[in-house]
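Please read the structure below before turning to the comments.
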Amino acid sequence: MPLSRLNKEQLDAASAPFGYNLIIAGAGVGKTSAIVGRIARLLENGVAPEEILLLTFTNKAAGEMTARIAKAFNQKTADRVMAGTFHSVSYKWLKNIGKEILLKRPAELKTLFKTVYDKYAAKSLGAENLLSASALFDYKNLFENRDEEDLGDYLAAKNAAHKANAALYQKMFDEFDALKEELGFAGFNDLLLQMRKALKAGAKNPYREVLVDEYQDTNPLQNAVLEAINPPSLFCVGDYDQSIYAFNGADIGIISEFEKRYKNAKVWTLTKNYRSTALILSLANRVIARNKRVYEKELQPVKPHIGSPPKLLMYDELYEQYRAIAAKIAASLCAKNEIAVIFRNNSSADGIEAALRELGLPCKRRGGNGFFESREIKAALDLIQLTINPRDLLAFVHIMEYAAGFGANGAKDLYDASLKLGDGDFLRGFLEPKRQDKPIFGSKELGLFGYEAQKPRGINGADLPRGFENHPLLTHPQINGESAKFLGDFWELLCALRSALNPKKQLEHIIASPLFEAIASRLAKQRATKNGVFNDAVFESAKERVFEKARTLKELSDRYQTSERFINAMALGSSEMSEGGGVNLLSVHASKGLEFNEVFVIDLMDGRFPNRKLMNQGGAIEEERRLFYVAVTRAKESLFLSFAARDAYKKIDYAPSQFLYEAGMVELAAKP
């Protein structure tokens, strides 16, 4: 049973009485065991699985914990416990109470927001220094995460000049929210807002205890959802020394003020570290102790050997550092998938990745621009999405943006016309349009577009699919031979996708289609053109990379029987997935919760780590120090800290990171 394997600290926490319990769990102390032990204790004490809610930072963590519950009890019991991230739990909960939701990715909603923004921006010629649509969309999400009431005060805190346009921005936000509701769209924040609203309106809360993992990373909106659930018992597990998501709205004050927020709260501390050697922990404790202590703690090693001391690697030049570290990794006897290179800034990853590839060492990269952020993957998912929900205007618009000379407004025209041609059913109207005796563009009767009715122009030589030659959409005034061919390929592919049995089959059709070939060629051309100069060799490799990513997506789809489940899994869990194998290249944020036998923390130069630029934009040295603490505590046996004195390309000289001084490493350094 899970309880029998716990140490005394873990058992005391897992056996805490009902009420408000905060468990301070440092790096590597077995917090997962404590959480699973707590759930086991609840079940043994007669709490029904349906009365337990487990909130985790990733769906992967929830899956690992429920798997351990299933092993201790049975799969049926584990499946009855509600577990997942705040967003995935909110999604399931809202669906369970009958709420229809079409979950959209941030990039898709940003496109929709821009249509609202452009309308108001065009009318507001007197407004000065307007934020861009993209920046304003990001501010909106952060504002919602902060759960604050006054937009003007929030913007003024960011930049006093922004407050003058707060009323205009609020109008944009209100219309955008109304448009989302009309279309049935929901973003991640909307899930939380809707759940809180439903609970405040009297929706039943079925949970006797809510367990929260990574509590230090909750933001005010997530905390507001917890307060709306208002369970009789809370079990919150976290570590203020690992709070590293302030940039995304996380508020360290939520964990720091737990005892003030909840009357008769109890605090339990886990200090026995099972991960790292004594010398690695000594370095980590020495540095993090410089931060203000909220709850006193110091990690104690459980491993019997003290291990080899952390090593400082010093180099004269930045890229010399990357090549030398790659060589050390190549010579290491450690399994390559047990080695991690951790960086503060994404620019650091490019150099080390190139150096590893040069030596033929496989590696996988997480953090920064991920697999699911690539435009080719979004296009493939949009194509599948159209077969699941033909009402998805944004998916159609995104695909049509790849048609030469065809913009978002023209795409919306085609979408609206397809609705008319299908009596309100886009897919039917697009694939099997009803016969039209009158023109659909510019017709007074239909009144859709305000164009003069025109015959197709410039498409006589277009190679159109059989059955599409006389489609009414070809009468749109923007259609030319190239865009007609693209639209015909789009039509032909959707015909095939509609009859495919599962997402893997759909992706096979997509990858083999002329439409995806056109999308891949356009993306590759953009990526192969720099400063107006086109590079043929880059084009070919970029195009192959597009198809390689699509094939990876097809492999991911293999275990999903329905396209709807696949699309929802991609939307909710895409940020947790990675590709490839070998050496792990990780941003500090992406390394959270992971551990490796051998860890290299690179580019420990003042200005890069700590990142002075981000600190000047509202960060703090305490947050940077917590990032350093997280990075070094990923190491189990060997830790290397790396510094380069100069970037020869940019002609920049660097001083060592202050964390190297705080760790006592600079004075002991010797060149490798």
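The values are calculated or read from the model by the stated rules, or taken from the named source; none is laboratory data. Only a predicted model underlies this, so the values are computations on that prediction, with no experimental measurement involved. Cβ atoms come from the backbone with ideal geometry, glycine included; neighbour counts cover every protein chain shown. In case anyone asks, the SASA skips ligands and DNA or RNA and just uses the protein heavy atoms, side chains included. Shrake-Rupley method; radii C 1.70, N 1.55, O 1.52, S 1.80 Å.
Considering only residues that are small (Gly, Ala, Ser), in contact with a Lys or Arg (Cβ under 9 Å, 6 or more places away or on another chain) and modelled with pLDDT of 80 or more, which ones fall in segment 542-583?
Across segment 542-583, the qualifying residues are Ala542, Ser557, Gly582.
Of the residues making up segment 307-331, those that are of a type in the set (Ser, Thr, Tyr) and not in a loop (DSSP other than H, G, I, E, B) are Tyr315, Tyr319, Tyr322. Taking the listed residues Leu660, Leu614, the one that is open to solvent by less than 60 Å² (accessible area, probe 1.4 Å) and either at pLDDT below 95 or hydrophobic (A, V, I, L, M, F, W, C) (or both) is Leu660, with no other qualifying.
Which one of these is assigned to a helix (DSSP H, G or I) and open to solvent by 30 Å² or more (accessible area, probe 1.4 Å): Glu64, Glu100?
Values: Glu100 fails: assigned to a helix (DSSP H, G or I).
Residue meeting the stated conditions: Glu64.
Listed conditions (1) surrounded by fewer than 17 Cβ atoms within 10 Å (Cβ to Cβ); (2) among the small types (Gly, Ala, Ser); (3) touching a residue at least 40 places away in the same chain (Cβ under 8 Å) are all met by Ala327, apart from (3). With respect to (1) free of Cβ contacts under 8 Å to residues at least 24 places away in the same chain; (2) farther than 24 Å from Asn223 by Cα, the lone exception for Asn165 is condition (1). On the given criteria, is Ala107 in contact (Cβ under 8 Å) with a residue 60 or more places away in the chain and surrounded by fewer than 16 Cβ atoms within 10 Å (Cβ to Cβ)? When the stated conditions are applied, Ala107 passes them.
Within segment 622-637, is even one residue within 21 Å of Ser308 (Cβ to Cβ), open to solvent by 10 Å² or more (accessible area, probe 1.4 Å), in contact with a Phe, Trp or Tyr (Cβ under 8 Å, 6 or more places away or on another chain) and not small (Gly, Ala, Ser)? Within segment 622-637, one or more residues are within 21 Å of Ser308 (Cβ to Cβ), open to solvent by 10 Å² or more (accessible area, probe 1.4 Å), in contact with a Phe, Trp or Tyr (Cβ under 8 Å, 6 or more places away or on another chain) and not small (Gly, Ala, Ser). Of the residues screened, Tyr415 is not one that is in contact (Cβ under 8 Å) with a residue 60 or more places away in the chain and either part of a loop (DSSP other than H, G, I, E, B) or of a type outside the set (Lys, Arg) (or both).
Among residues of segment 208-228 being part of a loop (DSSP other than H, G, I, E, B) and surrounded by 19 or more Cβ atoms within 10 Å (Cβ to Cβ), the one that is farthest from the chain's Cα centre (by Cα) is Asp213.
Only residues that are part of a loop (DSSP other than H, G, I, E, B) and charged (D, E, K, R) were counted in segment 254-289, giving 3.
Within segment 275-289, restricting attention to residues that are of a type in the set (S, T, N, Q) and touching a strand residue (DSSP E or B) at 6+ places or on another chain (Cβ under 9 Å), which residue is surrounded by the fewest Cβ atoms within 10 Å (Cβ to Cβ)?
Looking only at segment 275-289, we keep the residues that are of a type in the set (S, T, N, Q), and these are 276-277, 282, 285.
Checking the rest, the ones that are also touching a strand residue (DSSP E or B) at 6+ places or on another chain (Cβ under 9 Å) come to 276-277, 282.
On the way: Ser276: 27, Thr277: 22, Ser282: 18.
Ranking the candidates gives Ser282 first.
Ile24 fulfils the conditions (1) assigned to a helix (DSSP H, G or I); (2) buried (at least 21 other Cβ atoms within 10 Å of the Cβ) except for a single criterion, (1).
Each row is one residue, and each column tells you yes or no for (1) part of a helix (DSSP H, G or I); (2) among the hydrophobic types (A, V, I, L, M, F, W, C).
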residue: Ser347; (1), (2): yes, no
residue: Ala355; (1), (2): yes, yes
residue: Gly360; (1), (2): no, no
residue: Arg365; (1), (2): no, no
residue: Ile377; (1), (2): yes, yes
residue: Asp382; (1), (2): yes, no
residue: Ile399; (1), (2): yes, yes
residue: Lys420; (1), (2): yes, no
residue: Gly424; (1), (2): no, no
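Please go through segment 290-306 and give me each residue that is open to solvent by 60 Å² or more (accessible area, probe 1.4 Å) and part of a strand (DSSP E or B), ordered by number. Across segment 290-306, the qualifying residue is only Gln300.
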